[in-house]
Amino acid sequence: QLQASGRGLVQAGGSLRLSCAASGIIFSTFSGSNLAWYRQAPGNERELVAIIYSGGTTNYTDSVKGRFTISRDKGKRTVHLQMNSLKTEDTALYYCRVHRDGLANYWGQGTQVTVSS
């Protein structure tokens, strides 16, 4: 249902853009859902990185504020995560999620981001 792309290996200070395309989710469900990116580094719990609520408000975990930007394209049913000024501690498996209480809870398969020093 969710296909993530944009995985890669970059040097610290570099940029990467992740995308997550939804298929099989009707437009009204997608547009009314909260869209989010999570990440999980080895040995750590999965954490919420960025979220864009159905109304358009965004929120970020403190460690990525000012560096990451989440955006969406409702028409293409896609959510993006632009990551700038990447740090080695951003290395993780990144997951996208489409969530709407009672109607939708979809997770992408995870895409690897590796930042080298």
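The values are calculated or read from the model by the stated rules, or taken from the named source; none is laboratory data. Keep in mind it's a predicted model, so treat the numbers as computed, not measured. Here the Cβ positions follow ideal geometry from the backbone for every residue, glycine too, while neighbour counts run over all protein chains shown. Surface accessibility is based on the protein's heavy atoms, side chains included, excluding ligands, DNA and RNA. Shrake-Rupley method; radii C 1.70, N 1.55, O 1.52, S 1.80 Å.
Please work out if Gly66 is farther than 14 Å from Leu16 by Cα and open to solvent by 70 Å² or more (accessible area, probe 1.4 Å). Criteria met by Gly66.
Checking each residue in region 68-109 for being closer than 14 Å to Ser5 by Cβ and among the polar types (S, T, N, Q) picks out Thr78, Gln82, Gln109.
Among the residues of region 10-43, those identified as surrounded by fewer than 16 Cβ atoms within 10 Å (Cβ to Cβ) and either within 14 Å of Gln82 (Cβ to Cβ) or not polar (S, T, N, Q) (or both) are Ala12, Gly13, Gly14, Ser15, Arg17, Gly24, Ile26, Phe27, Gly32, Ala41, Pro42, Gly43. Of all the numbered requirements in (1) modelled with pLDDT of 95 or more; (2) of a type in the set (Gly, Ala, Ser); (3) part of a loop (DSSP other than H, G, I, E, B), Ser63 misses one, and that requirement is (3).
Return yes when Asn44 is out of contact with any Gly (no Cβ under 6 Å at 6 or more places or on another chain) and part of a loop (DSSP other than H, G, I, E, B) and no when it is not. Walk me through how you get there before you give the answer.
Working: out of contact with any Gly (no Cβ under 6 Å at 6 or more places or on another chain): yes; part of a loop (DSSP other than H, G, I, E, B): yes.
When the stated conditions are applied, Asn44 passes them.
Filtering region 44-63 down to residues that are more than 18 Å from Val113 (Cβ to Cβ) and touching a residue at least 24 places away in the same chain (Cβ under 8 Å), which residue is most open to solvent (accessible area, probe 1.4 Å)? This residue is Ser54.
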